[in-house]
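Following: one structure in structure tokens, then a few remarks.
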Amino acid sequence: MTSPPTATLTRATRRAVAGAVTALLALTGMAAQLAPAAAAPAHPKPPAGIDLGSRVLVLDPSMPTADIKAAVDRISSAQTDAEMGTDRWSILFKPGTYGTATEPLQIKVGYNTEVAGLGASPDDVHVVGKIEVYNRCLEDGGTSNCIALNNFWRTLSNLTIDVNGTGQDGCRQSANFWAVSQAVSMRRVAVKGGTLSLMDYCTAGPQYASGGFIADTSAETVVNGSQQQWLTRNSTVGSWSNGVWNQVFAGVEGAPDDSTFPHPPYTTLETTPVSREKPFLFMDGNRWAVRVPSAQTNTRGRSWANGMTAGKTLPLSAFHIAKPGESVKDINKALAKGQHLLLTPGVYDVDRSIEVKRPGTVVLGMGQATLTAVRGATPLEVADGAGTIIAGVTIDAGTKLSRNLLHVDDHDKGKGGHHSGRGSSAKDPLTLSDVYFRVGGPHIGKVKVAMQIDADHVLIDHTWVWRADHGVEDFTGGVLGDDERWAVNTGTNGLVVNGDDVTATGLFVEHFQQHNTIWNGERGRTVLYQNELPYDPPTQADWTQPDGTLGYAGYVVSPKVRTHELWGGGSYVYNRNDPSIVTEHGFQVPTRPGVRLHHLLTVNLGAGTTRHVVNDVGSQVDNSNTGTPAYVSEYP
């Protein structure tokens, strides 16, 4: 894998309609100036006997604020433009207070970086200042084309931010900016003393962003602004303003009313049907451990509002701590012995499947730890098991075709199709949290189905399954054109669900060469779905089904399914190779009482046509109404 130069290809898709945001919020400001990249800083290490590798920065409240900022700035400067790079970082705050009102700690988070507190509660790590992401300026030496559409792959969790207005220009003074797009999560965060802004309205004015995900968080005031879609789950907000196309709230105290959908475009569920918060590393006294939250049903509000998040604590000694370069054979030996798996930051070449067979196994990635398929391997094979959790892992396709990148297999079914009792269940579902997929981007990628779920009672809590629409995708530093990408960077489907009772909260699937998502299992539920059809079909013939149907719907429920429900679904079209290409519909489902879809939309991003929103219902979007969604409030 090679690190590319600064990307010049962007998601022009959504910039085509950026003018609407300027009308929405006419705010201006100055771009942040980042220091040049420097060598990795010297930094404190975890306690003796714990080796988390060279890309983990552990911060202590006794360190001077200026030293902390300098160390983090060196990382963020190196990662600000490293969209397809290979470095991965975890920045961890020990319990305590960082920064003061007169010397606030203000830091930025770049690509493939995790920032997390090490307390048992977000209240245990208190940052007086800001932890931010700004628009990324892609052209003219980093001074123009400033957008947030490509601000992917970063994480903020388990701490409190006390927004402090000193030390910044007037435009940025009162808000913590979190201008991000897909594959970015904010979990277990409290934002106090100011606004949480999900867009950067100071760097070249308001621009579109394409996020995103918040869970288990509290914020006094949230400005959504230019975010095209967003899911907020099990949180508390004082107020929420703005929204572009698709904003979904599930189990959120203070969520806005959705009775006038689509004006504004809000979808609000009183509770979240199934949830499990993501496991997190923390310090239990002087001991390092992992807290594993328990699964819940029909929940509302934060898991830590009244004390420790319900669940269990695993000592770090129960984990095999893996590092890049370690053989899969050794990792599988550790898993077979009953150990859990902690993947430290880095890129892992996986030439045979990592096999997660034991029920209750926790696989936790740090710093966007990335598994890359080698020789057509399926990097993660996960057996059906109660309480098994895969979290914080990115999985990349390799240059040889893989069947899957992650496969959840129904190994637990015995003869006659009956469960042995150890499989995933409604009470203790197998859970996938912040698991991301890339097919192309840093290099050529090939897969048939990126994620395949064959087991029942699986919870998918935030995923981005992405066939790349831009990136450096060969080994000589060249960039593929769209006509080449269609033939070389291949992926048939993003997600196929064959299991029953599978729930997805925050499902983002984009650009695959046939249906992005196929749902064959019964009683499936999705809370927020976002997809873009592929940008790069060369011709209509390449984007026509064998039966003559024009195009492939982005979300398909099998005709055999009796019960299915979706809240807040969007399908976007941008056929930049050939704007005359037509797709018949964005969503395709059986028409029966048990299949219910709430608050759907399709939108043209500048090229191409989608005739209907769902089946034959909903208005056409095409090149004459770019940026104006066609909505269907309820189907049927």
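Take the conditions at pLDDT below 95, surrounded by fewer than 23 Cβ atoms within 10 Å (Cβ to Cβ), out of contact with any Phe, Trp or Tyr (no Cβ under 8 Å at 6 or more places or on another chain) and not assigned by TED's automatic domain parsing to the domain that holds VAL458 and apply them to GLY301. Does it pass? No; evaluated as a whole, the condition is false for this residue.
The C-beta contact set for region 354-374 (first residue touching a residue at least 60 places away in the same chain (Cβ under 8 Å) and among the hydroxyl-bearing types (Ser, Thr, Tyr), second residue part of a loop (DSSP other than H, G, I, E, B) and surrounded by fewer than 20 Cβ atoms within 10 Å (Cβ to Cβ), distance under 8 angstrom, 6+ apart or interchain) comprises THR372/MET1. Kindly provide the set of residues from region 311-341 that are of a type in the set (A, V, I, L, M, F, W, C) and under 19 Å from GLY367 (Cβ atoms), ordered by number. Those that are of a type in the set (A, V, I, L, M, F, W, C) and under 19 Å from GLY367 (Cβ atoms): LEU316, PHE319, ILE321, ALA322, ILE331, LEU341.
For (1) among the hydroxyl-bearing types (Ser, Thr, Tyr); (2) outside any loop (DSSP other than H, G, I, E, B); (3) farther than 17 Å from GLY129 by Cβ, each residue gets a yes or a no:
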| site | (1), (2), (3) |
| --- | --- |
| MET63 | no, no, no |
| LYS69 | no, yes, no |
| ARG74 | no, yes, yes |
| GLU83 | no, no, yes |
| ASP87 | no, no, yes |
| SER90 | yes, yes, yes |
| ILE107 | no, yes, no |
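Can GLY506 be described as small (Gly, Ala, Ser) and farther than 25 Å from TYR266 by Cα?
In short, no.
Here THR155 qualifies as assigned to a strand (DSSP E or B), in contact (Cβ under 8 Å) with a residue 40 or more places away in the chain and either touching a strand residue (DSSP E or B) at 6+ places or on another chain (Cβ under 7 Å) or not assigned by TED's automatic domain parsing to the domain that holds LEU364 (or both). Residue-level analysis places VAL573 among those that are in the same structural domain as ARG523 (by TED's automatic domain parsing), not charged (D, E, K, R) and not in a loop (DSSP other than H, G, I, E, B). Looking at the structure I just gave you, is PRO293 surrounded by 20 or more Cβ atoms within 10 Å (Cβ to Cβ) and either among the acidic types (Asp, Glu) or not assigned by TED's automatic domain parsing to the domain that holds LEU601 (or both)? Yes; evaluated as a whole, the condition is true for this residue. Scan region 483-496 and give yes if some residue there is buried (at least 23 other Cβ atoms within 10 Å of the Cβ), under 23 Å from ALA397 (Cα atoms) and in contact (Cβ under 8 Å) with a residue 60 or more places away in the chain, otherwise no. Yes, region 483-496 contains at least one residue that is buried (at least 23 other Cβ atoms within 10 Å of the Cβ), under 23 Å from ALA397 (Cα atoms) and in contact (Cβ under 8 Å) with a residue 60 or more places away in the chain.
Return only the number of the condition from (1) within 30 Å of THR272 (Cβ to Cβ); (2) at pLDDT below 95 that PHE475 does not satisfy. Unmet for PHE475, out of (1) within 30 Å of THR272 (Cβ to Cβ); (2) at pLDDT below 95: (1). May I ask you to verify whether THR260 is among the β-branched types (Val, Ile, Thr) and free of Cβ contacts under 8 Å to residues at least 12 places away in the same chain? For THR260, the condition - among the β-branched types (Val, Ile, Thr) and free of Cβ contacts under 8 Å to residues at least 12 places away in the same chain - is met. Report yes if some residue within region 520-541 is β-branched (Val, Ile, Thr), in contact with a strand residue (DSSP E or B) (Cβ under 9 Å, 6 or more places away or on another chain) and closer than 22 Å to TRP486 by Cβ; otherwise report no. No, because not a single residue in region 520-541 is β-branched (Val, Ile, Thr), in contact with a strand residue (DSSP E or B) (Cβ under 9 Å, 6 or more places away or on another chain) and closer than 22 Å to TRP486 by Cβ.
Within the set SER218, SER239, the sole residue that is closer than 20 Å to ASP200 by Cβ, surrounded by fewer than 24 Cβ atoms within 10 Å (Cβ to Cβ) and either touching a Ser or Thr at 6+ places or on another chain (Cβ under 6 Å) or outside the structural domain of LEU198 (by TED's automatic domain parsing) (or both) turns out to be SER239.
Listed here are the residues, each with its yes/no results for (1) in a loop (DSSP other than H, G, I, E, B); (2) at pLDDT 95 or above.
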| site | (1), (2) |
| --- | --- |
| GLY243 | yes, no |
| VAL248 | no, yes |
| PRO256 | yes, yes |
| THR260 | yes, yes |
| THR268 | no, yes |
| VAL274 | no, yes |
| LYS278 | yes, yes |
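Remark: pairs (first residue in region 197-226, acidic (Asp, Glu); second residue surrounded by fewer than 24 Cβ atoms within 10 Å (Cβ to Cβ) and in a strand (DSSP E or B); Cβ separation under 7 Å; 6+ apart in sequence or on different chains) = GLU220/LYS192. Scanning region 132-182 for residues that are among the acidic types (Asp, Glu) and within 17 Å of PRO206 (Cβ to Cβ) returns GLU132, ASP169. Can you name every residue in region 335-353 that is crowded, with 17+ Cβ neighbours inside 10 Å, without any contact (Cβ under 8 Å) to a residue 24 or more places away in the chain and not polar (S, T, N, Q)? Result: LEU341, single match.
When region 116-147 is filtered for residues that are in contact with a Cys (Cβ under 7 Å, 6 or more places away or on another chain) and either part of a loop (DSSP other than H, G, I, E, B) or not assigned by TED's automatic domain parsing to the domain that holds GLN227 (or both), the ones remaining, listed by number, are ASN135, THR143. Just one residue in the set TYR529, TYR535, TYR552 is in a strand (DSSP E or B) and either closer than 21 Å to GLN452 by Cβ or of a type outside the set (D, E, K, R) (or both); that residue is TYR529. The residues on offer are ALA455, ALA468, ALA504, and the sole one that is touching a Gly at 6+ places or on another chain (Cβ under 6 Å), crowded, with 22+ Cβ neighbours inside 10 Å and within 28 Å of ALA383 (Cβ to Cβ) is ALA455.
Can you tell me how many residues within region 362-382 are under 18 Å from MET451 (Cβ atoms) and in a loop (DSSP other than H, G, I, E, B)?
Count: 6.
The values are calculated or read from the model by the stated rules, or taken from the named source; none is laboratory data. Please read all numbers here as calculations on a predicted model, not as lab measurements. FYI the Cβ positions are ideal-geometry reconstructions off the backbone, even for glycines, and counts take in every protein chain you see.
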